[in-house]
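One structure is given below, encoded as structure tokens.
The values are calculated or read from the model by the stated rules, or taken from the named source; none is laboratory data. Because the structure is predicted, anything quoted here is derived from the model rather than measured. In this analysis, Cβ positions are derived from the backbone assuming ideal geometry, glycine residues included, and neighbour counts consider all displayed protein chains. Ligands, DNA and RNA are stripped out before the accessible areas are found, and what is left, the full protein with its side chains, is counted by its heavy atoms. Shrake-Rupley method; radii C 1.70, N 1.55, O 1.52, S 1.80 Å.
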Amino acid sequence: KTELVHLIELNTGQKDLYETVRATMNKRVREAIAARGIEQSQIVFLDALLKLRQICCHPKLLPQDFANDVHESAKLDFLKELLAVLIDEGRRILLFSQFTSMLALIEAECTRRKIKYLLLTGQSEDRETPVKRFQNKEVPLFLISLRAGGVGLNLTAADTVIHYDPWWNPAAENQATDRAHRIGQTKPVFVHKLV
């Protein structure tokens, strides 16, 4: 298993939005702590972190009142280039994201670029069929929500794993990676982490 961490710099619109939301949420968190104390302010704090993480993935993940008409994502642009290279090389790819809404944006981009893919989220009623199709090498890309795909799947047809967004618990990422890097795997596995 080879892990590759790709540090991606936010584009100008994302940077400006990130700083605006950071300043706004910083004020809200401080006010909540002053009014209710740190123990009673955890929800406000977690909401602030969530919004900042969403901006890094794609500003479209934010609620409309925060997004400020920023519709570009440096990380998604990087992913498009990475997928083009990997698919041209004949790689078999598992792509994980915590956000199903981000998977929907990636799905739209794959459709636009005519990239064949499969999708597995917590809403998927049939897990067996997409797994079989991927294992039979019918489709090169499998989009999977981190929660739906973290355990119970054997996807040794994959030789590449992409973590679109980091998860707060590294063990969850490792479990997702282990869908490909496990007993029965005969190829080296490359793990790309987009940060």
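Tabulated values for the structure
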quantity	calculated
Within segment 28-79, tally of residues that are in contact (Cβ under 8 Å) with a residue 24 or more places away in the chain and among the polar types (S, T, N, Q)	3
Count of segment 70-84 residues which are assigned to a loop (DSSP other than H, G, I, E, B), open to solvent by 60 Å² or more (accessible area, probe 1.4 Å) and either among the charged types (D, E, K, R) or at pLDDT 90 or above (or both)	1
Test set (1) open to solvent by less than 60 Å² (accessible area, probe 1.4 Å); (2) modelled with pLDDT under 80; (3) basic (Lys, Arg) - LYS193 fails condition number	(2)
Residue selected from segment 119-157 under the condition modelled with pLDDT under 85 and farther than 21 Å from PHE99 by Cα, by the criterion most open to solvent (accessible area, probe 1.4 Å)	ASN154
Residues that are in contact with a helix residue (DSSP H, G or I) (Cβ under 8 Å, 6 or more places away or on another chain) and open to solvent by less than 10 Å² (accessible area, probe 1.4 Å), drawn from segment 87-104	ILE93, LEU94, LEU95, PHE96, SER97, MET102
Any hit, segment 38-47, residues being over 20 Å from the mean Cα position of the chain (by Cα), farther than 30 Å from LYS116 by Cα, at pLDDT 90 or above and among the small types (Gly, Ala, Ser)	no
